[in-house]
Amino acid sequence: LDFVLAQSMRQLFAYGDTSLLAFDNLLVQHEHFFPPQFDRPSFLDNHDMDRFLFICGRDVHKLKLAALCQFTLKGQPLVYYGTEVGMSQSQPIHDSASQGMAECRQPMIWGEAQNKELLAYYKWLIHFRRDHPVLWRGCRQTVHLDAEQRTYAYTVSDEQETVLVVMNFSEERQTMTVEGQS
């Protein structure tokens, strides 16, 4: 399991306590450290940590951005049960008033309690990744990083295909130019 990537994604997407440049530098170093055939399953949360949606203040947009990044990087994306339907928790697992690990291990939510839009987004990500094998076998290259605008883009390419991944971390609509395209 890729704990280094998980912690970095949590710091950038959920806590917001790392910069886009620092995250991009970590990705470059991380990708060069492992041999191409080395499998690094990625995750945003698991049974031993606070749920992602909890640590990002239940901001579904932040979860969607993190999931987009997770599903477009090398390594199998692992989804902890319930993340795809908006499961959260009420207390941090290390808070003295919490139930400890039981906070992030609550029973699955069903029916109307599930976030159907988020579930549809995860289904789209799964199909998109399956339809574009370049995402797990191609090479990633940063093509845009604007810390002030809070926008970030990279391509994942191989001999047959290139996928452009664009992220807007700001609350406002943004326009960017990448390799002559706007």
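The values are calculated or read from the model by the stated rules, or taken from the named source; none is laboratory data. On a predicted model such as this, the values are computed, not experimentally measured, just so you know. Don't worry about glycine lacking a Cβ; one is built from the backbone with ideal geometry, like all the others, and counts go over all protein chains shown. Quick note on the areas: whole protein, heavy atoms, side chains included, nothing else; ligands and nucleic acids left out. Shrake-Rupley method; radii C 1.70, N 1.55, O 1.52, S 1.80 Å.
Below is a table of values for the structure above.
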read-out	value
Residue satisfying all of: in segment 74-128; within 21 Å of F3 (Cα to Cα) and basic (K, R); nearest to the chain's Cα centre (by Cα) among these	K74
Within segment 139-149, tally of residues that are closer than 15 Å to V178 by Cα and outside any loop (DSSP other than H, G, I, E, B)	7
Considering residues of segment 155-178 that are touching a Cys at 6+ places or on another chain (Cβ under 9 Å) and touching a residue at least 24 places away in the same chain (Cβ under 8 Å) only, the residue farthest from T72 (Cα to Cα)	D158
Candidate set: segment 137-154, residues that are open to solvent by 60 Å² or more (accessible area, probe 1.4 Å) and basic (K, R); chosen: the one nearest to G75 (Cα to Cα)	R137
Complete set of residues in segment 115-138 that are modelled with pLDDT of 95 or more and outside any helix (DSSP H, G or I)	N115, H132, P133
Single unsatisfied condition, T177 versus (1) surrounded by 12 or more Cβ atoms within 10 Å (Cβ to Cβ); (2) within 20 Å of L20 (Cα to Cα)	(1)
